[in-house]
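A short worksheet on the structure shown next.
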């Protein structure tokens, strides 16, 4: 584990988190991408640098650990899928509302208003006939 | 066994009802009737079968005197009520099949409850009866009071059941087993026993509608009358009494504080219930409600007598259980007949049914005599026995006796009100009550029940002998049951009770409506819970995504942070860098990430994030991971293209940034998360103790995996399941993207090549098949030429990467991405027509084919006798090509390749071509693709 990689991981996570906490879906998406890169580096940092893990090309003693690589490879491609999906979401949100901001959930807001007014939900519509 | 028969019958019931109408009930009645037949021949028995051995659960059943008695009642009354149902319901009644199924299932659950030897098994049946009774009470389910009553019964009895479960678990865990016998043999003592006893009593009392839980039973009278007759007279409410009777011998024998608490609660609450219930019954005008309050009152009596815990009261109590089941079920059924014939149960509107239906009177009177405790019915024998037993039980017994006598006076009074209200001839308040006479077939069941009550009275001595083994579980000796004990105090009391009751009946005016049913406490609890839920939800579920995420991240910081500090390794060799060449990409990456955060323009931010990705790829390469580097480069490129495809439609700048303090909070959380993650990473690596599992891989991959590229062999062989899951995710993602963009199932065909380009003009050189469809201003011959030259080369490269990936960097993922890029280039150069020309297939078909190949390879290994996804190495000699080395897992990689290509194609078709179409529509002046229709 080297300090340089650790710092890179830390910065990617920090920047990714800040973007993730935004309301703009595009920014959230970029945050997810940064977090993905950070996570990949974090897993990579578990192995020491070395020769490519290809039998016959390098001495097994000098190879880097191949297992983190396999995991990262999977993660990279999953991040691609995730990105595509979030993009589609952002685009759809733009189509529907004219912007790509995440709005507060309407149902949750309704509950919050009920709480502010000190009322019950009447969710149990079976409650005493009114 | 017979339980299984109930289950089968319940499953078949809807079919039978559809086929035979209400007559199916006669057939269904044979099942509980068979139970009676079995019980007559088997007075005791045991049977067990392991169920969940890991939890020590077994399907253990046993029959002793008490449970035998209840088996008889449950089966006998069940059969008779089913027969009654056969003529009670009109053919074609809605929901009759469901009703029949639930009712039969309920009878089975009730049977299971009383014969379970294992307390947990009993609990399962207990809750089954609760749920099924909910369905039965709410059978019509249309009007609100009906549903409300069902829900109320469900909530009260379930809450009690849960309390009981805790009590049972306390006892069972102490005893090391959940059999009745085990629990009795190793009963707890001390305060914990008291706690367990109280909890179990809560369960029993709530089920039997004893004060303070009594309010649910009268409300549950919304149920159809046969349900009331069965559930609320013979079966479900008896479950609580059964539990009290079952535990009484143990607890009373244990003595100490627990026994005192038990007696005070069971007897005290029982008496209160008896008096309150009887008093309420006296004022009811609805005959069914009158019976319901009477039932509450009787259940209080049973609880008190059985909870009292001497041999005498035990015997008297079980005798009363028999009596109550017989007369109450009969009377409920009689009310059902009246209701059906007269169209009302209101005794103010009923007039002179006694004269019109003498048969009905003949059935009702003996049953009512049993209820009032008049000879020769079993109720008289039982009540006399109660009086006698309490007389023998010292001062406490006499106190209780006073309560029971007072309750009995009420019982006589409301019985008189019932008979008078139902049958007496008096001026009618309303002429509309004239209706047809009682249907003879409906009378069979109540008649049998009432006759049984009288027969049991005459045979009281025999009944007593049969039931006496239960009483032997207590100290002291029990008097025998008898119809005629000769003159004595009990007889005097009986006479007094009857006289007092009749006097009381005279004093209560006919038309007075009674006090309202209770249950205000229940309502208060329910609304309170609702309010609490609203407050808690309002406080925590703010509806804001950033708020939730921040909360989650703060929890991460608060939990992982301190743990990290506490576990910080003292001295580990820390290197500044892996290789000095790392430093440059790392520096670039850091700068790009930091500047991406405050960027105001979308494109700037996207490019900066892309830079971190490319820098990552360089780090991978320098680290010794060429596969990763290759994949990362390609993914980053595809991602950039995708993002730009969407961004062209979105506004250029981000919307207004939030206020400064919010930004500071975000940055603060971000820095904390970054620090924690870096620290956790360091900690995790330094904490490593075991040798990496991958150390043996270099020796294994060539002989077993048939490849030299260890990463690829891991992906397609060693950890192929992971890859399988991953490609499945990709397929799901592609489908999700398509459905988000195409918006309507009808348009999903556009994932395929829908536009075919028109023939190119002949007078210019053709570089791309659809080049001419691009607007002149956007066309670039240069791009077209390069695309034309590169496309097939790139495709070839992708196939090469796929096929050699097993030995050199590459594989299905990289190959697929390269092919996807080739398609992207075609799309960018020539638009959506060009894409259709380049890939004349449906993206969904490519995805499906890929998944099929991947799964097929995995399953193929299974067919050939290996494990799923196991690979085999084939060395073939092919003419001309020489030795060909084929590994089956390459086929799996082909599946991966196809899926990745499909994903990219799908993205291009949706985020590219379809978005193009939206844009074209917007330019053409159509309202941006009909927002209203989207929102529907």
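The values are calculated or read from the model by the stated rules, or taken from the named source; none is laboratory data. Here the structure is a predicted model, which is why all the values come from computation and not from measurement. All Cβ positions, glycine included, derive from the backbone under ideal geometry; neighbour counts span all protein chains shown.
A quick yes/no check of all residues on (1) in contact with a strand residue (DSSP E or B) (Cβ under 9 Å, 6 or more places away or on another chain); (2) at pLDDT below 85; (3) buried (at least 23 other Cβ atoms within 10 Å of the Cβ); (4) part of a helix (DSSP H, G or I):
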{"position": "B:374", "(1), (2), (3), (4)": "no, yes, no, no"}
{"position": "B:387", "(1), (2), (3), (4)": "no, no, yes, yes"}
{"position": "B:415", "(1), (2), (3), (4)": "no, no, yes, yes"}
{"position": "B:422", "(1), (2), (3), (4)": "no, yes, yes, yes"}
{"position": "B:462", "(1), (2), (3), (4)": "no, yes, no, yes"}
{"position": "B:470", "(1), (2), (3), (4)": "no, yes, yes, yes"}
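Can you confirm whether the stretch B:662-674 contains a residue that is over 22 Å from residue A:5 (Cα atoms), in contact with a helix residue (DSSP H, G or I) (Cβ under 7 Å, 6 or more places away or on another chain) and facing chain A (nearest Cβ under 9 Å)?
Taking every residue of the stretch B:662-674 in turn, at least one turns out to be over 22 Å from residue A:5 (Cα atoms), in contact with a helix residue (DSSP H, G or I) (Cβ under 7 Å, 6 or more places away or on another chain) and facing chain A (nearest Cβ under 9 Å).
Considering only residues that are at the interface with chain A (Cβ under 8 Å from one of its Cβ atoms) and farther than 14 Å from residue B:918 by Cβ, which ones fall in the stretch B:634-646?
Passing the criteria: B:635, B:638, B:639, B:642, B:643.
Quick check on this structure: which one of B:613, B:624 is more than 18 Å from residue A:101 (Cβ to Cβ), within 46 Å of the chain's Cα centre (by Cα), surrounded by 18 or more Cβ atoms within 10 Å (Cβ to Cβ) and at the interface with another protein chain (Cβ under 9 Å from one of its Cβ atoms)?
B:613
Scan the stretch B:557-574 and give yes if some residue there is surrounded by 12 or more Cβ atoms within 10 Å (Cβ to Cβ), more than 9 Å from chain A (Cβ to nearest Cβ) and at pLDDT below 80, otherwise no.
Looking for residues that are surrounded by 12 or more Cβ atoms within 10 Å (Cβ to Cβ), more than 9 Å from chain A (Cβ to nearest Cβ) and at pLDDT below 80, one finds at least one in the stretch B:557-574, hence yes.
Among the residues of the stretch B:523-547, which ones are under 16 Å from residue A:21 (Cα atoms) and surrounded by fewer than 16 Cβ atoms within 10 Å (Cβ to Cβ)?
Within the stretch B:523-547, B:547 is the sole residue that qualifies.
Got a number for residues in the stretch A:28-53 being over 11 Å from the mean Cα position of the chain (by Cα) and at the interface with chain B (Cβ under 8 Å from one of its Cβ atoms)?
The qualifying residues number 13.
Whether any residue in the stretch A:65-84 is over 19 Å from residue A:9 (Cβ atoms) and in a loop (DSSP other than H, G, I, E, B) is what I want to check.
No, because not a single residue in the stretch A:65-84 is over 19 Å from residue A:9 (Cβ atoms) and in a loop (DSSP other than H, G, I, E, B).
Could you tell me which residue of the stretch A:35-53 is surrounded by the fewest Cβ atoms within 10 Å (Cβ to Cβ), considering only residues that are farther than 17 Å from residue A:7 by Cβ and in contact with a helix residue (DSSP H, G or I) (Cβ under 7 Å, 6 or more places away or on another chain)?
Checking each candidate, the answer is A:51.
Counting only residues that are within 15 Å of residue B:892 (Cβ to Cβ) and surrounded by fewer than 24 Cβ atoms within 10 Å (Cβ to Cβ), how many does the stretch B:705-716 have?
2
Identify all residues within the stretch B:684-703 that are more than 10 Å from chain A (Cβ to nearest Cβ) and either surrounded by 17 or more Cβ atoms within 10 Å (Cβ to Cβ) or in contact (Cβ under 8 Å) with a residue 60 or more places away in the chain (or both); write none if there are none.
B:687, the sole residue that qualifies.
If you go through the stretch B:175-230 one residue at a time, how many are farther than 22 Å from residue B:270 by Cβ and assigned to a helix (DSSP H, G or I)?
Summing the residues that are farther than 22 Å from residue B:270 by Cβ and assigned to a helix (DSSP H, G or I) in the stretch B:175-230 gives 15.
Can you work out which of the residues in the stretch B:717-734 that are farther than 20 Å from residue A:85 by Cα and under 33 Å from the mean Cα position of the chain (by Cα) is surrounded by the most Cβ atoms within 10 Å (Cβ to Cβ)?
It comes out as B:722.
In the stretch A:75-99, what residues are at the interface with chain B (Cβ under 7 Å from one of its Cβ atoms) and more than 19 Å from residue B:907 (Cα to Cα)?
Result: A:96, A:99.
Considering every residue within the stretch A:58-66, establish whether at least one is within 7 Å of chain B (Cβ to nearest Cβ) and crowded, with 24+ Cβ neighbours inside 10 Å.
yes
For the stretch B:333-353, state whether one or more residues are surrounded by 24 or more Cβ atoms within 10 Å (Cβ to Cβ), within 37 Å of the chain's Cα centre (by Cα) and within 28 Å of residue B:266 (Cβ to Cβ).
Scanning the stretch B:333-353, I find no residue that is surrounded by 24 or more Cβ atoms within 10 Å (Cβ to Cβ), within 37 Å of the chain's Cα centre (by Cα) and within 28 Å of residue B:266 (Cβ to Cβ), so the answer is no.
Being surrounded by 18 or more Cβ atoms within 10 Å (Cβ to Cβ), in the same structural domain as residue B:301 (by TED's automatic domain parsing) and modelled with pLDDT under 85 narrows it down to one residue among B:220, B:196, B:185; which is it?
Criteria check complete, one pass: B:220.
If you scan the stretch B:596-610, which residues turn out to be facing chain A (nearest Cβ under 9 Å) and assigned to a helix (DSSP H, G or I)?
Selection gives B:596, B:602, B:605, B:606, B:608, B:609, B:610.
If I go through the stretch B:704-722 residue by residue, how many of them are within 7 Å of another protein chain (Cβ to nearest Cβ) and in a helix (DSSP H, G or I)?
Adding up the residues that qualify gives 5.
Would a scan of the stretch B:242-257 turn up a residue that is under 29 Å from the mean Cα position of the chain (by Cα) and in contact (Cβ under 8 Å) with a residue 24 or more places away in the chain?
Yes, the conditions are met somewhere in the stretch B:242-257.
Any chance you could count how many residues in the stretch A:6-27 are touching a residue at least 40 places away in the same chain (Cβ under 8 Å) and more than 7 Å from chain B (Cβ to nearest Cβ)?
Qualifying residue count for the region: 1.
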